[in-house]
1. Would you mind calculating the gained length between Lys108 and Leu29 on full extension (0.36 nm times residue separation, minus the Cα-Cα distance), in nm to one decimal?
2. Would you mind ranking Ser40, Ser113 so that the residue whose beta carbon has the fewest other beta carbons within 10 Å leads the list?
3. Under a straight-distance cross-link criterion of Cα-Cα below 30 Å, which lysines are reachable from Lys11, leaving out those fewer than 8 residues away in the same chain?
4. Could you put Ser169, Ser48 in order, starting from the residue whose Cβ has the fewest other Cβ atoms within 10 Å?
5. In whole percent, what relative contact order does region 43-154 give with Cα contacts below 8 Å and a gap of six or more residues?
6. Sort Val71, Val177 so the one with the fewest other Cβ atoms within 10 Å of its own Cβ comes first.
7. How much length, in nm to one decimal, is gained on full extension between Trp49 and Ala92, taken as 0.36 nm per residue of separation minus their Cα-Cα distance?
8. Quick check: Cα centre of region 75-122 to Cα centre of region 40-73, how many Å?
Amino acid sequence: MTDWYFTSTAKKRGFTARPVVGGVFLKLLYDPALWSKYASRDATKASSWAPMPRPPETVTLVPTSEKAATVYRYATSKPDGDWFHADYSDAAWKMGPGGLGRTDGSIKTPWDSSDIWVRRTVEISGPVPDRVALRIWHDEDAQVYINGKLVSTLGGYTTGYEAYEIPASSLKQGANVVAIHCHQTTGGQFIDFGFDAIVPASSKSLISDPDVPK
């Protein structure tokens, strides 16, 4: 019996076992007589349990605006044409530093309309890692395109940066164009992103200075 978690981020997902554990099993532990009654019936005498696996960790591949200066092109009215394509001309769009928002996050460019379309070109200086994650703070719904392809549709909102694993093939070595539409209904609003490499826990120490912008 367990809760469910994303293995890449350790964030809780879905099923919750804790009410059962707290309401039933912990009470059993507090009653010595009841515990002894059932523990004495153990017929397997199991031991030598396998160690818990160490979850993977994330290392900054492309920093968010929290860690480095970033520049976005953005529009607050729906753009004409395929605004998410890599070769789309966004020269007429406004330009500003990330993140963009009204009440959330580290706001450097005000955004208070119901919708925003943003574009940002990011550089992957070396080979793309085997596993990558989109690190994003979205408030609220967001559709994320990389090099013209939809890679993530995120409903609702986050109250901080969250990592979502995406296909490594979405990124390429060199320049990558990321285009996002974010829709706001009520409450706070904010949009900003970066990318992480997902690495085995034992590999993190082998990557030097992960917070240095790439």
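Only the coordinates and a few stated rules stand behind these numbers; no lab work does. This structure is a prediction, so every number in the text was calculated from the model and none was measured. Ideal geometry is used to build each Cβ from the backbone, glycine not excepted, and the neighbour counts take in all protein chains shown.
1. Gain on extension, Lys108 to Leu29, equals 23.2 nm.
2. Ranking Ser40, Ser113 by Cβ neighbours within 10 Å, fewest first, gives Ser40, Ser113.
3. Counting by Cα, and skipping residues close in sequence, Lys11 has these lysines nearby: Lys27, Lys67, Lys108, Lys149, Lys172, Lys204, Lys214.
4. Listing Ser169, Ser48 from fewest to most nearby Cβ atoms yields Ser48, Ser169.
5. 25 percent
6. Val71, Val177
7. Working it through step by step, the gained length comes to 9.3 nm.
8. If you average the Cα positions of each part, the centres end up 32 Å apart.
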